[in-house]
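Heads up, the thing below is written out as structure tokens.
The values are calculated or read from the model by the stated rules, or taken from the named source; none is laboratory data. These numbers were taken from a predicted model, which means no experiment stands behind them. Ideal geometry is used to build each Cβ from the backbone, glycine not excepted, and the neighbour counts take in all protein chains shown.
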């Protein structure tokens, strides 16, 4: 399968715990995006990487959230001291570097904070 | 990016064409119209995009009005697997971030 993959697909954690999600983009896609989607809403942009550089962050990305893409390939999204309001689907997308290219999404990681 | 308006839900009979409208009356000349869909519990899936001309691919057709203020996504022969939320997104295509701004979308229910 050459699509975007995310791991884990589901995560249940207790409030206050830290969680980390991984995204593997399509090979050679140098742009990578993280989105969050709560129940009944469309996805909302969180942050964006071009290669290893994090170029943009949404105001939704509080200080408890951190994302990395150390070698310009896979990316991780960490949430520290989780809160119940963090419960959502976390989606990763990637695209090639040319401007007209579309984004391809992974299956998402569903986080439930108890 | 320009704002879009879509009906919250639509029904379609299996085998019939599904016509999903989108209003984007404030669209700028350099903004494209993109359509994605999201099947339950999956990530959004790209369908089609266009600037001015009508477009067709193996999944759907996109009809953009001459003034570009609205568009229609057409699924020519809807199947039960087309049941999903369909998002119409308008955005500039350039070398910036190009992050997508999703609205509420249209929940399409294809019925047998």
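So the values come out like this:
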{"item": "Index of the failed condition, residue B:50 passing every other in (1) within 14 Å of chain A (Cβ to nearest Cβ); (2) in contact with a strand residue (DSSP E or B) (Cβ under 6 Å, 6 or more places away or on another chain); (3) modelled with pLDDT of 95 or more", "result": "(3)"}
{"item": "Those residues of the range B:67-112 which are within 14 Å of chain A (Cβ to nearest Cβ), closer than 17 Å to residue B:22 by Cα and out of contact with any strand residue (DSSP E or B) (no Cβ under 8 Å at 6 or more places or on another chain), in sequence order", "result": "B:104"}
{"item": "Complete set of residues in the range B:80-94 that are closer than 21 Å to residue B:109 by Cβ and surrounded by 13 or more Cβ atoms within 10 Å (Cβ to Cβ)", "result": "B:82, B:83, B:84, B:85, B:86, B:87, B:88"}
{"item": "Tally, over the range A:15-34, of residues that are farther than 16 Å from residue A:64 by Cβ, over 9 Å from the mean Cα position of the chain (by Cα) and part of a strand (DSSP E or B)", "result": "2"}
{"item": "Test for residue A:12: is it outside any strand (DSSP E or B) and either closer than 21 Å to residue B:42 by Cβ or touching a residue at least 40 places away in the same chain (Cβ under 8 Å) (or both)", "result": "no"}
{"item": "Filter result (within 10 Å of chain A (Cβ to nearest Cβ) and surrounded by fewer than 16 Cβ atoms within 10 Å (Cβ to Cβ)) within the range B:21-44", "result": "B:41, B:42"}
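Residues are listed down the side, and each one gets a yes or a no for (1) within 12 Å of the chain's Cα centre (by Cα); (2) part of a loop (DSSP other than H, G, I, E, B); (3) more than 14 Å from residue A:23 (Cβ to Cβ):
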site	(1), (2), (3)
A:36	yes, no, no
A:39	no, yes, yes
A:60	no, yes, yes
A:70	no, yes, no
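To keep it simple, each residue is scored yes or no on (1) modelled with pLDDT of 95 or more; (2) surrounded by fewer than 16 Cβ atoms within 10 Å (Cβ to Cβ); (3) away from chain B (no Cβ under 14 Å); (4) touching a strand residue (DSSP E or B) at 6+ places or on another chain (Cβ under 7 Å).
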{"residue": "A:48", "(1), (2), (3), (4)": "no, no, no, yes"}
{"residue": "A:55", "(1), (2), (3), (4)": "no, yes, no, yes"}
{"residue": "A:59", "(1), (2), (3), (4)": "no, yes, no, no"}
{"residue": "A:64", "(1), (2), (3), (4)": "yes, yes, yes, yes"}
{"residue": "A:84", "(1), (2), (3), (4)": "yes, yes, yes, yes"}
{"residue": "A:88", "(1), (2), (3), (4)": "yes, no, no, yes"}
{"residue": "A:93", "(1), (2), (3), (4)": "yes, no, no, yes"}
{"residue": "A:97", "(1), (2), (3), (4)": "no, yes, no, yes"}
{"residue": "A:103", "(1), (2), (3), (4)": "no, no, no, yes"}
